[in-house]
1. Compute the distance in nm between two label points, each set 7 Å from the Cα along the Cα-to-Cβ direction, one at Ala193 and one at Ala209.
2. Work out Dmax and Rg for segment 12-155 from the C-alpha atoms and quote the Rg first, both in angstrom.
3. Could you point to the residue in Cys59, Ala105, Leu77 farthest towards the positive end of segment 12-155's charge dipole, with +1 and -1 charges on the Cβ of Lys/Arg and Asp/Glu respectively?
4. If r is the Cβ-Cβ distance from Ala182 to Arg157 and R0 is 51 Å, what FRET efficiency results, to the nearest 0.05?
5. Assuming a viscosity of 1.306 mPa s and a temperature of 10 °C, what translational diffusion coefficient in µm² per second does Stokes-Einstein assign to segment 120-167, Rh being the Kirkwood radius over Cα pairs?
6. What does a probe at Glu134 reach in segment 13-29, counting residues whose amide N is under 15 Å from the point 7 Å along Cα→Cβ?
7. Can you tally the net charge around Leu93? Count Lys and Arg as +1, Asp and Glu as -1, for every other residue whose Cβ sits under 9 Å from the Cβ of Leu93.
8. Given H placed 1.01 Å from N in the peptide plane, which residues other than close sequence neighbours of Leu74 have an amide H under 5 Å from its amide H?
Amino acid sequence: MSRGSGKGLSLKDKLDGNELDLSLCDLNEVPVRELAALPKATVLDLSCNNLISLPSDFCSLMHLVKLDLSKNRLQQLPLDFGRLVNLQHLDLLNNRLVTLPVSFAQLKNLKWLDLKDNPLDPVLAKVAGDCLDENQCKQAAVKVLQHMKAIQSEQDRQRQRKLQAEREMEKRREAEQRAKEAQERELRKREKAEEKERRRREYDAQKAAKQEMEKKTKKETVHTRKPASSSRPPQPPRHKPSWSRSVLRVLLFVLFCILCTLAACKLTELQHQPLCVSVNTLYGDVVAALQNHKTLQNMLQHNSQQ
């Protein structure tokens with residue numbers, strides 16, 4: 001196995017009590033799995049190697065109390081570096097670090113810190129100061145922790161403000177959605193009411209038209225039943241002839257014909273004709289018979305007087 005990965009090393013041979021010295025081993029990777037198998041190795045020296053970065057699972061070595069990463073080529077620390085909550089001593093001398101992860105603020109037990117000879121951000125470099133003696137390194141640990149806690153608090157506040165803004169935005173969207181839905185409901189309700197009113201007007205119009213048609217039909221029926229004379233000027237009633245009057249007229253006509261015949265037979269030259277002789281004889285007999293009857297005689301007298 002390659003020495004650069006650390007897997008060719010016998011870590012137990014490097015272990016002295018609770019100290020594990022892996023310095024000057026030309027490592028470019030950290031054997032995290034093998035280190036995790038030695039939980040009693042609370043002091044780990046990885047100085048003077050070729051480490052450019054630490055794997056994310058390195059932060060699972062929460063049993064570490066003292067860690068020396070000096071004189072490597074580290075450009076950054078894992079974002080969850082703050083999980084090493086038991087860490088008290090940290091040496092990062094002579095690396096390529098510019099900033100520290102915000103989780104660094106969670107190293108509440110950190111008592112000693114060396115960040116010399118790193119291209120630190122000017123603000124962080126001023127906060128860390130020098131680490132030329134024990135006291136300065138302890139002050140660096142305190143000041144850097146305070147600085148990182150302030151950054152973490154500010155980030156938390158920004159995150160909280162962002163979260164609050166997102167919540168307010170969500171509330172506004174929900175309110176706008178509710179208002180839109182209410183507006184749509186009101187619009188549908190108004191359209192429904194307008195449709196109902198339109199249908200009601202159509203119904204009333206149809207009903208009125210039907211009633212008008214029925215009234216017109218009824219009026220036409222009444223006019224049809226009335227006699228045709230109702231539209232003409234009134235005329236005097238006509239008396240229907242009775243049978244007696246017709247018979248009387250016939251008798252008068254016959255009598256008139258008889259009188260005309262008698263007159264012709266008595267006054268004209270036709271009196272010597274056989275027909276007229278018979279008529280005159282019959283007339284004489286009838287007159288003689290009537291004169292013999294008193295009642296008829298009186299009537300004849302009366303008529304003759306008139």
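All of the numbers you see were taken from the coordinates with simple rules; none came from a lab. The model shown is predicted, which means the values in this text are computed figures rather than measured ones. No Cβ is skipped: glycine too gets one built from the backbone with ideal geometry, and neighbour counts run over all protein chains shown.
1. A separation of 2.8 nm, rounded to one decimal place.
2. Answer for segment 12-155, Rg first and Dmax second: 14.3, 46 Å.
3. With unit charges placed on the Cβ atoms, the residue in question is Ala105.
4. Values: r = 36 Å, r/R0 = 0.71.
Approximately 0.90, to the nearest 0.05.
5. Values: Rh = 12.1 Å.
Translational diffusion coefficient: 131 µm²/s.
6. Within reach of a label on Glu134: no residues.
7. On the way: positive: Lys71, Lys116; negative: Asp68, Asp91, Asp114, Asp117.
Its environment carries a net charge of -2.
8. Counting only residues 5 or more places away or on other chains, the set is Arg96.
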